Amino acid sequence: MEENIVQRTLRQIFGFDSFRPNQEEIVKAILSGRDVFAVMPTGGGKSLCYQFPAVILEGVCVVVSPLLSLMKDQVDSASELGIRAATLNSTTTRSGFGQTVGAMENGKLDLLYVSPERFNTPGFLERLAAVKIAFFAIDEAHCISEWGHQFRPDYLALKQIVDVFPNVPIAAFTATATPQVAQDIQKQLRLRNPFSVRASFDRPNLSYQVVYKEDLNSQLVTFLKSVPGQSGIIYRGTRKKVEETADLLSKQGFDVRHYHAGMSDSERDWVHDAFSQDRVQIIVATIAFGMGIDKSNVRFVVHADLPKNLEGYYQETGRAGRDGSPSQCLLLFGYQDIILLKSFIDKYEDPKIRDITWRQLLEMIRFAEADQCRRKALLHYFGEEYSSDNCGNCDFCNNEIHRVDATIDSQKALSAMQRTGNRFGIGHLVDVLVGAKTAKIKQFQHDALPTYGVGSDRSKPYWRFLINALVYRGAAAMKPDCDYPVPQVTPYGWAILRGTEQVEIIQFPSLKKQSKTKVVNEDPCTDATHSDHFLFEQLRQRRKEIARERRVPPYVIFTDKTLLDMANRKPITEEDMQKIAGMSERKMEKYGAPFLELITEYVMATVDEPEFYPDLHEE
Ligand code: ADP
Ligand code: MG
Ligand code: ZN
């Protein structure tokens, strides 16, 4: 095909000026009738690779895609581009089926999305035999592999394609990075000398950051305040934690919903759609919220609990920034998570699985503890060497991480453990260290210990963190058969106490406090420098609610300029409110109260914002 036709199609139909890496080669391979096997990261632009030839080639391109929601979105966006697309899945009616097949027989369809379940129904392939098929595209092809993390038995039906359509090319796409799964896919689909590409897994627009998890709730609030109005996902380890966090955040005024596998299909679909369509800003979810999030403007992915392995971490963070714009990946790392995950791993009966999952977890921990560039570490895990010494877009490369000697503090903590008889939980040990006056301390006369209060120069979260770190490093071990975790000093701990072993800990920076600058502002004549973006968003939200109630456009209530001035000056009395730009008497009377209330609440909630890791900073 001529070069300029390719470029023109790209421009005119897809609206893009250039191909992303590998797209052009893949498109050309398909156009030339070859099988294709493409491993490209999320956001790499796999859809274009088959949509493009589907437009050009005669006949229909049959796309197998694992999720209904995904198919719907794909058909919608293809139709938006003027590509003739339809779907056949379990929800398709008999007459709908007939119609779609009819359209294909008449050459009136470019793309047909089929669910694996539909594909697997008896006679389906034979039914397709009457249709001119340009090629098959298998999206999320790793679902065919039992080695993969998303195996779907119905995908196995795809093995028959080669038998029924020996002359039709197959193009398989996946974002799975492991070589074993990649091989398995090619074998299962019986690809014939495919044109194979493996794109780099680097996602340069994603920034990686790890901070210690000390006070999760306020850390999340602080983080969310730093990304006002932006779409993102917060991953948590369990359904219960998902619901708790979602609850807490929505009480704090964030636009958040939760998602996990324990919800009904319709609830999950609703949340999925609302997020995709920007009707909901933040999702708190288990990893069940995964495949099928094709939303391109996810600006952040937070892991509030330690993921089990790096593969999962990569895939989950990969949902951020598909559109190529800068996006943040934040991991809140606490040693207590390791202890919890380890207890899950210990429950596996098969020693081999125990061993594998434990090793995977160790890699995850090593990543979190950062002895090198995050990007380099991630890519290395997938067998790719990152060539640059400094990626410029992770906390390690930005010099935000330092190692500090914590031997003396470790001695204090271990001594507290030892002197209280190795029989108290972490909470109590922390109380002893900071010199708290609790009933329990009185009861056991722990205020008489030489260790009592030796750590009063540090915060409780710091000590909690350090004790967990000591457990992880084997300086203390959890006593077996206790109802709650009770650490006791180990021989290695004794070596630290004696001073023959040193302890280093990483000093992560604190999360950046809410920035008080830069409001995205459509009104160029307003000086927004001193406004508070987060408050501004809340004010806008309230305006939206009132506007909806009254069925008027939002600006009729207050202009952005007025809201910006409110966000800027934060009036909490009627008198001050009246001085806000654009606040007429009538408006004050009509709308003043709900905005005053909001600002008051906001001001109250932010005065006592705790500092994070103050101790770690004083070094
Ligand atoms: P994948 O399926 O590989 O995760 P998608 O096909 O969903 O990725 O594409 C991700 C985003 O990149 C989409 O928003 C898509 O429109 C965009 N995109 C794809 N190809 C290009 C291109 N050549 N130029 C600009 N944007 C592109
Ligand atoms: Mg895709
Ligand atoms: Zn880096």
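Below is a table of values for the structure above.
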item: Complete set of residues in segment 175-185 that are surrounded by 24 or more Cβ atoms within 10 Å (Cβ to Cβ) and either modelled with pLDDT of 90 or more or within 16 Å of ligand 3 (Cβ to nearest atom) (or both); result: ILE185
item: Checklist (1) in a loop (DSSP other than H, G, I, E, B); (2) of a type outside the set (S, T, N, Q); (3) without any contact (Cβ under 8 Å) to a residue 60 or more places away in the chain applied to GLU117, failing item; result: (1)
item: Exclusive hit being at pLDDT 90 or above and in a helix (DSSP H, G or I), set ALA469, ALA436, ALA413; result: ALA413
item: Any hit, segment 262-282, residues being surrounded by 15 or more Cβ atoms within 10 Å (Cβ to Cβ), within 16 Å of ligand 2 (Cβ to nearest atom) and among the hydroxyl-bearing types (Ser, Thr, Tyr); result: yes
item: Entirely in segment 185-294, the helices (runs of 4 or more DSSP H) that have 1 or more residues that are more than 30 Å from TYR462 (Cα to Cα) and either of a type in the set (Ser, Thr, Tyr) or touching a Gly at 6+ places or on another chain (Cβ under 8 Å) (or both); result: 265-276
item: Top-ranked residue of segment 1-42 - restricted to ones that are among the small types (Gly, Ala, Ser), part of a loop (DSSP other than H, G, I, E, B) and in contact with a strand residue (DSSP E or B) (Cβ under 9 Å, 6 or more places away or on another chain), ranked as farthest from ligand 1 (Cβ to nearest atom); result: GLY33
item: Segment 131-147, residues that are outside any strand (DSSP E or B), in contact with a helix residue (DSSP H, G or I) (Cβ under 6 Å, 6 or more places away or on another chain) and away from ligand 1 (no atom under 16 Å from the Cβ); result: VAL131, ILE144, SER145, TRP147
item: Cβ-Cβ under 6 Å pairs, at least 6 apart or on other chains, segment 183-207 side more than 16 Å from GLU311 (Cα to Cα), far side among the aromatic types (Phe, Trp, Tyr) and not in a loop (DSSP other than H, G, I, E, B); result: GLN186/PHE37; LEU191/PHE37; PRO194/PHE37; SER196/PHE37
item: Top-ranked residue of segment 317-335 - restricted to ones that are surrounded by fewer than 23 Cβ atoms within 10 Å (Cβ to Cβ) and within 16 Å of ligand 3 (Cβ to nearest atom), ranked as nearest to ILE287 (Cα to Cα); result: GLN328
item: The one condition in (1) more than 20 Å from the chain's Cα centre (by Cα); (2) part of a helix (DSSP H, G or I) that LEU379 fails to fulfil; result: (1)
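The values are calculated or read from the model by the stated rules, or taken from the named source; none is laboratory data. What you are looking at is a predicted structure, and each value in this text was computed from that prediction instead of being measured. Every residue, glycine among them, receives a Cβ derived from its backbone with ideal geometry; neighbour counts consider all protein chains shown.
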